[in-house]
Amino acid sequence: LNDMLDNSWEIIAWAHRTVHPKLGMCGAAASARYKLGAGYQKVKGSTLCDDLQLQELLDGWERLGVSFSGAMLQAEQKDTVSAYDMEQDKWTANDTIVGQTKLVLKTTGDGLLTLRMTAEASFQWEHVAGSYRLSGRKSRGGTGPSLRVVDSSATGFEVADLRRFLEEGRLWTYGAAPDCNLRFEDFAIKLFESVADRRCEGIRPLDPFAGQAAGAGRATGASASTNTRSQAFT
C-alpha cells in the first residue's frame with residue numbers, strides 16, 4: 001500500500017524570480033501534480049490557497065497598496081452560436097470557451113499575474129514584470145496550444161478579493177478523474193467570472209447591430225479567436 005501511495009504522488013516545482021526595488025522577490029511560478037491510478041490527474045484547490053510563494057507575493061502587494069485593475073481570459077478559442085427568437089423578437093448568443101485556458105490579472109503598479117491549470121503542468125502561476133505577448137501566447141517552453149484573449153474585464157478588485165475567490169475553491173478538485181468537481185480548463189474560467197463579476201459562458205442577450213451583448217466584455221483585434229454560428233427559432 002505504501003509503495004502504491006508513493007507512486008501516486010508526484011511533486012513538480014520550479015520557480016522564476018525577479019527583484020522589485022521595494023518588494024524584493026516578486027515573481028515566482030510553482031506547480032504541484034497529483035497522479036491517481038491509470039493516468040488520471042487531479043489538483044486539489046488547497047494547492048492554490050497554500051502556495052507559499054504566491055502568498056508571499058500577495059502579502060507584498062498588500063503592504064505596498066497594489067491592487068488589480070482588470071483581467072483577461074486566454075483560451076484556444078471561443079465558440080459563439082447566435083439565435084433569433086421570432087416570437088420574442090430577441091437575439092441571444094451562447095458562448096463556449098474551448099481548450100486550455102489561462103487567466104491574466106493586471107495590477108495597478110507591478111505588472112501582471114498569470115494563473116493556469118493544465119493536465120501537463122498542473123497548477124502554474126507567474127509574475128510578469130516586463131512585456132507579455134497576449135496574442136498567440138504558448139505555454140512555458142514553447143509547447144502546447146497557442147492561447148488568445150477571448151474575454152476581458154476592466155473591473156477592479158483587491159488582493160483580499162483574489163484570496164477570497166481562491167479560498168472559495170479550496171475544497172474543489174480539478175482534473176479528468178470521475179470524482180473531480182471541475183475540469184482543469186474551468187479553473188481560469190471560474191476565477192475570471194469571479195473577478196469580473198459576470199459569466200463568460202452561456203446564453204446572453206445579443207445586439208446584432210452592435211455585434212456584442214449589452215454589458216458584456218469582448219476581445220477585439222487580432223488577439224480574439226471566436227467561431228460564430230447563427231440559427232433561428234420560430
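The values are calculated or read from the model by the stated rules, or taken from the named source; none is laboratory data. Given the structure is predicted, the values throughout are model-derived calculations rather than measurements. Every residue, glycine as well, gets a Cβ built from its backbone with ideal geometry; the counts of neighbours run over all protein chains shown. Surface accessibility is based on the protein's heavy atoms, side chains included, excluding ligands, DNA and RNA. Shrake-Rupley method; radii C 1.70, N 1.55, O 1.52, S 1.80 Å.
Do we find a residue being crowded, with 19+ Cβ neighbours inside 10 Å, in contact with a Cys (Cβ under 8 Å, 6 or more places away or on another chain) and hydroxyl-bearing (Ser, Thr, Tyr) anywhere in region 118-126? No, every residue in region 118-126 fails to be crowded, with 19+ Cβ neighbours inside 10 Å, in contact with a Cys (Cβ under 8 Å, 6 or more places away or on another chain) and hydroxyl-bearing (Ser, Thr, Tyr).
When you check Ala232 against the structure, is it touching a Pro at 6+ places or on another chain (Cβ under 6 Å), modelled with pLDDT under 95 and among the small types (Gly, Ala, Ser), yes or no? If you could, list the steps in order and put the result at the bottom.
Details: touching a Pro at 6+ places or on another chain (Cβ under 6 Å): no; modelled with pLDDT under 95: yes; among the small types (Gly, Ala, Ser): yes.
Spelling it out, it is not the case that Ala232 is touching a Pro at 6+ places or on another chain (Cβ under 6 Å), modelled with pLDDT under 95 and among the small types (Gly, Ala, Ser).
Any residue in region 208-228 that is modelled with pLDDT of 90 or more, farther than 20 Å from Gln41 by Cα and among the small types (Gly, Ala, Ser)? Scanning region 208-228, I find no residue that is modelled with pLDDT of 90 or more, farther than 20 Å from Gln41 by Cα and among the small types (Gly, Ala, Ser), so the answer is no.
Taking region 57-73 as the search range and keeping residues that are of a type in the set (Gly, Ala, Ser) and closer than 10 Å to Thr107 by Cβ, which one is most open to solvent (accessible area, probe 1.4 Å)?
Our first condition is that a residue be of a type in the set (Gly, Ala, Ser); within region 57-73, this holds for 60, 65, 67, 69-71.
Next, only the ones that are closer than 10 Å to Thr107 by Cβ stay: 67, 69-70.
Values: Ser67: 20, Ser69: 46, Gly70: 6 Å².
Within region 57-73, the match that is most open to solvent (accessible area, probe 1.4 Å) is Ser69.
Yes/no matrix, rows are residues, columns are (1) under 15 Å from the mean Cα position of the chain (by Cα); (2) part of a loop (DSSP other than H, G, I, E, B); (3) at pLDDT 95 or above:
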{"residue": "Gln41", "(1), (2), (3)": "no, no, no"}
{"residue": "Ser46", "(1), (2), (3)": "no, no, no"}
{"residue": "Glu56", "(1), (2), (3)": "no, no, yes"}
{"residue": "Gly60", "(1), (2), (3)": "no, no, yes"}
{"residue": "Gly70", "(1), (2), (3)": "yes, no, yes"}
{"residue": "Ala75", "(1), (2), (3)": "yes, no, yes"}
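Candidates Thr80, Thr101: the one that is among the polar types (S, T, N, Q), under 30 Å from Gln41 (Cα atoms) and crowded, with 20+ Cβ neighbours inside 10 Å is Thr101.
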